[in-house]
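Participant: Below are the structure tokens for one structure; questions will follow.
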2 protein chains.
Amino acid sequence: MNQIAPSSSVGTPDSLARLAEVAVRVGLNLRPGQEVLMTSSLDAVPLARLITDAAYKAGASLVTTLYSDDQQTLSRFRHATPESFDHTAGWLYEGMAEAFRRGAARLAIVGEDPALLAAQDAGLVARANRARAQAYRPALELITTSAINWSLVPYASPAWARAMFPELPEAEALEKLWAAIFAATRVDQADPIAAWAAHNAVLMRRRQKLTDRRYAALRFRGPGTDLTVGLADGHAWMGGQSTALNGITGNPNIPTEEVFTTPHAARTQGHVVATKPLAYQGTLIRDIRVRFENGVIVEASASTGQEVLERMIGSDDGARRLGEVALVPASSPISKSGLLFLNTLFDENAASHIALGQAYSKCFVDGDTITPDDFTARGGNTSLIHVDWMIGSAEIDVDGIDAQGQAEPVMRAGEWAA
Amino acid sequence: MNQIAPSSSVGTPDSLARLAEVAVRVGLNLRPGQEVLMTSSLDAVPLARLITDAAYKAGASLVTTLYSDDQQTLSRFRHATPESFDHTAGWLYEGMAEAFRRGAARLAIVGEDPALLAAQDAGLVARANRARAQAYRPALELITTSAINWSLVPYASPAWARAMFPELPEAEALEKLWAAIFAATRVDQADPIAAWAAHNAVLMRRRQKLTDRRYAALRFRGPGTDLTVGLADGHAWMGGQSTALNGITGNPNIPTEEVFTTPHAARTQGHVVATKPLAYQGTLIRDIRVRFENGVIVEASASTGQEVLERMIGSDDGARRLGEVALVPASSPISKSGLLFLNTLFDENAASHIALGQAYSKCFVDGDTITPDDFTARGGNTSLIHVDWMIGSAEIDVDGIDAQGQAEPVMRAGEWAA
Ligand SMILES: [Zn+2]
Ligand SMILES: [Zn+2]
Ligand SMILES: [Zn+2]
Ligand SMILES: [Zn+2]
């Protein structure tokens, strides 16, 4: 509804340097002497350089940036043989896992073209993704188990801005996206670090309150949706700051507005419609409709991208089950921007959502010590994928249901009930 | 003397695409299904993209580019703590070694700023280099033992062009450097692939002739130089094409004009002056003068960069001994360009040279099967470094000395004697 007003400082080196500072000090909360492994696209070189500066100033022992390039990715789809798409750079993903085991922090700059692979063969896209996901699994496990401090921060790439604002000239589209990024990341505030501390405190109160309620389930109701999401036994709500097993308390997502927890992999029932399109690995999936029985998707459709959706949920057994449920008020600053970002880091913070696939072990009351067997026994889901998609809006009510089946309002018309 | 005339096609996408083609087809001679691990600076993105295209067209299963960035490198020297300089990205270098073990080919795009680190603390530069060299050693061994096909190809970065032509505007400097690169890499010829085949045949005849002579030593004489380089027992001369242990015959250096072999690590005597400045890891070392006794440097000086020279030869035991001796006629195309490239890939192909440090096991008549013990017993040198520097010119005579001590002319006034 409200547009964020572009300020004169939008896109200036100063704002970008403040974003770099937030990435290192709030996102990673980098420990002096810690190594940093950063991933970035070539578009984001200016931010990667500023983050490198900020990290060394914060005492990083070494910053290594692994750059990716959309053009080189597309080159493969244009020229490589189909047989080759099952091959991946296992040595690199194993190296990343090893870096994490040796204590490196992980920073990812995200801002990819939401439609990069839209025109490519869906079967090849799925095979390349699957090969990469399998090879990346050991590294991802260190992320999903919060073994290390890690963070995602955004960068406005031209392709992302064009996808969001196809009707605008590129420079104007970029300016609008940067303004939204700087607002959502609190870089436009007088003291971004203090603003993040205050925001983290608000999220902390909300998650503690929800954890204390020990709901057995959440029920989402609204147009096209009546979904009961069973919660894992002994689940805990997370959001904002998170303390990794290495003892460092950072913000894994910059921006973030959500509080979230682990559903029970076998206890979701009912049907749900997505309230926003989902940008999944280069394809835009629109109007997702899904029905769950005993935690498993038994029906799924989409008005565009149905083949990609089907391949996604066919990735493995856990890809048809939930790994996350998250609550975000419809009045969240990102939601109020009125923008569809086509990027999960933003869109998941504009609406309540669920995620298919891998659950976070952090979202248990004893998350730091839970064993893999307990994790599974108490309802934690396991998968190579973790894909958030939006089911909240100002038309959605959410009830909390206790162990006796009693319901109480959690959200009404998209806002916190209490 | 002669300047290369800039042609109208210099720097056009077409020339660059032909260079990419030479890199993949001549340099790597990529095998269909083979993975490619490429390193590049951010300056060379256009060439890296074209090489990626060429590699996929040639059947690459995957091309992964590891980009480096001078600005991020400098950021460390500006902001990081001195203690941190012994830390390196071991996980990445181990990953590279693993990629080679799994059969990846290695392509390196080179075009670094010859003076990048000139203003930085020499002690920190040396510590960072040493830590990297130690971590990179397993990967480097797979290169020096020719386990895989690998190749170096050049790219004209702005900083390199500025260093070569400080008096010219940047655009003009770049155009001159590109013209020299396209000429030296034979990309300016009608059929670059055929031109490389002809050139490789010439080098092959020259190296076979030298190998057949079985010289015990080479003696270099000229102004300031009287150096006798003992050769390893059962050495073989290499140059141009080389067949890796994986069976693939490629050209490890694009361009290349040299024929080279392995000196005996304990049999070099006399004094030698460098005939060109040496660009070593960001510092220009001028007027190197060195004296050898029984294969070991016992005196070393330089008019600039002496501290860097001393740290270099102090890297380890093998850094004071020779690992390569190479012959290049003063009339080589690169030499005739009259340019000082400040880059070993070019300057070593403009003059006869020696290299301190690691020897190539390929440079033995039984190089594919030689054991590490035999390699050492027959005079092969071992070190973390391998640094070529130029000792040839049109004023240098070279004699071959046989086992009986008889001398015969190999080069006179910088040209082949026969
Ligand atoms: Zn979420
Ligand atoms: Zn999620
Ligand atoms: Zn050489
Ligand atoms: Zn060499």
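The values are calculated or read from the model by the stated rules, or taken from the named source; none is laboratory data. Computed from a prediction, not measured in an experiment: that's the story for all the values here. Positions of Cβ are generated from backbone atoms using ideal geometry, with glycine treated the same way; all protein chains shown enter the neighbour counts. All accessible areas refer to the heavy atoms of the entire protein, side chains included, with ligands and DNA or RNA removed. Shrake-Rupley method; radii C 1.70, N 1.55, O 1.52, S 1.80 Å.
Participant: In the stretch B:247-282, which residues are among the polar types (S, T, N, Q), open to solvent by less than 20 Å² (accessible area, probe 1.4 Å) and more than 16 Å from the chain's Cα centre (by Cα)?
Facilitator: If the condition is that a residue be among the polar types (S, T, N, Q), open to solvent by less than 20 Å² (accessible area, probe 1.4 Å) and more than 16 Å from the chain's Cα centre (by Cα), then B:Thr268 is the only one that fits.
Participant: I'd like the full set of residues that are crowded, with 19+ Cβ neighbours inside 10 Å and part of a loop (DSSP other than H, G, I, E, B), limited to the stretch A:283-301.
Facilitator: A:Ile288, A:Gly295
Participant: Turning to a different aspect of this structure: Scan the stretch B:30-47 residue by residue and report those that are in contact with a Leu (Cβ under 9 Å, 6 or more places away or on another chain) and either assigned to a helix (DSSP H, G or I) or facing chain A (nearest Cβ under 9 Å) (or both).
Facilitator: Once the filter is applied, which keeps residues that are in contact with a Leu (Cβ under 9 Å, 6 or more places away or on another chain) and either assigned to a helix (DSSP H, G or I) or facing chain A (nearest Cβ under 9 Å) (or both), the stretch B:30-47 yields B:Glu35, B:Leu37, B:Leu42, B:Val45, B:Pro46, B:Leu47.
Participant: Spot the failing condition for A:Asp368; the list is (1) closer than 30 Å to A:Ala183 by Cβ; (2) modelled with pLDDT under 95; (3) away from ligand 2 (no atom under 16 Å from the Cβ), and only one is missed.
Facilitator: (1)
Participant: Then there's this: A:Thr52 - would you say it is in a helix (DSSP H, G or I), facing chain B (nearest Cβ under 7 Å), closer than 18 Å to B:Tyr67 by Cα and under 24 Å from the mean Cα position of the chain (by Cα)?
Facilitator: yes
Participant: If a residue counts only when it is away from ligand 2 (no atom under 15 Å from the Cβ), which strands (runs of 3 or more DSSP E) contained entirely in the stretch A:197-269 have at least 2 such residues? Even if it seems obvious, please write down each step before you answer.
Facilitator: Details: elements: A:217-222, A:225-231, A:259-261.
Filter on the stretch A:197-269 gives A:217-222, A:225-231.
Participant: Checking the structure you have, find out if any residue of the stretch B:312-327 is open to solvent by less than 30 Å² (accessible area, probe 1.4 Å), more than 16 Å from ligand 4 (Cβ to nearest atom), out of contact with any helix residue (DSSP H, G or I) (no Cβ under 6 Å at 6 or more places or on another chain) and not assigned by TED's automatic domain parsing to the domain that holds B:Ala133.
Facilitator: no
Participant: Go through (1) basic (Lys, Arg); (2) open to solvent by less than 40 Å² (accessible area, probe 1.4 Å); (3) more than 30 Å from A:Leu174 (Cβ to Cβ) one by one and return the number of the condition A:Arg102 breaks.
Facilitator: A:Arg102 satisfies all of (1) basic (Lys, Arg); (2) open to solvent by less than 40 Å² (accessible area, probe 1.4 Å); (3) more than 30 Å from A:Leu174 (Cβ to Cβ) except (2).
Participant: Could you tell me whether A:Gly323 is touching a residue at least 40 places away in the same chain (Cβ under 8 Å), more than 19 Å from A:Asn251 (Cβ to Cβ) and in a loop (DSSP other than H, G, I, E, B)?
Facilitator: Working: touching a residue at least 40 places away in the same chain (Cβ under 8 Å): yes; more than 19 Å from A:Asn251 (Cβ to Cβ): yes; in a loop (DSSP other than H, G, I, E, B): no.
No; evaluated as a whole, the condition is false for this residue.
Participant: Sticking with this one: For A:Phe77, which of the numbered conditions (1) within 25 Å of B:Arg76 (Cβ to Cβ); (2) within 13 Å of chain B (Cβ to nearest Cβ) fails to hold?
Facilitator: (1)
Participant: Quick one: would you say A:Gly230 is outside the structural domain of A:Ala17 (by TED's automatic domain parsing), of a type outside the set (A, V, I, L, M, F, W, C) and open to solvent by 10 Å² or more (accessible area, probe 1.4 Å)?
Facilitator: Spelling it out, it is not the case that A:Gly230 is outside the structural domain of A:Ala17 (by TED's automatic domain parsing), of a type outside the set (A, V, I, L, M, F, W, C) and open to solvent by 10 Å² or more (accessible area, probe 1.4 Å).
Participant: While we're here: How do the pairs read when you match residues in the stretch B:72-90 that are open to solvent by less than 30 Å² (accessible area, probe 1.4 Å) with residues anywhere that are modelled with pLDDT of 95 or more and among the hydroxyl-bearing types (Ser, Thr, Tyr), using Cβ under 6 Å and keeping only pairs 6 or more apart or on different chains?
Facilitator: Listed pairs, sorted by first residue: B:Gln72/A:Thr52; B:Ser75/A:Thr52; B:Ser75/A:Tyr56; B:Arg76/A:Tyr56; B:Ala80/A:Tyr56; B:Ser84/A:Ser61; B:Ala89/A:Thr64.
Participant: Looking for whichever is touching a residue at least 24 places away in the same chain (Cβ under 8 Å) and more than 16 Å from ligand 4 (Cβ to nearest atom) here; the options are A:Asp347, A:Asp374. Which one fits?
Facilitator: Of the residues listed, the single one that is touching a residue at least 24 places away in the same chain (Cβ under 8 Å) and more than 16 Å from ligand 4 (Cβ to nearest atom) is A:Asp347.
Participant: Still on this structure, I have one more. Only one residue in A:Leu107, A:Leu152, A:Leu124 is touching a residue at least 12 places away in the same chain (Cβ under 8 Å), under 17 Å from the mean Cα position of the chain (by Cα) and within 14 Å of chain B (Cβ to nearest Cβ), so which one is that? Write out each step before concluding.
Facilitator: Numbers: A:Leu152 fails: within 14 Å of chain B (Cβ to nearest Cβ); A:Leu124 fails: under 17 Å from the mean Cα position of the chain (by Cα).
Going through A:Leu107, A:Leu152, A:Leu124 in turn, the sole match is A:Leu107.
Participant: Still on this structure, please answer the following. Can you pull out the residues in the stretch A:284-338 that are closer than 26 Å to A:Thr185 by Cα and small (Gly, Ala, Ser)?
Facilitator: Within the stretch A:284-338, A:Gly323, A:Ala326, A:Ala330, A:Ser331, A:Ser332, A:Ser335, A:Ser337, A:Gly338 meet the criteria.
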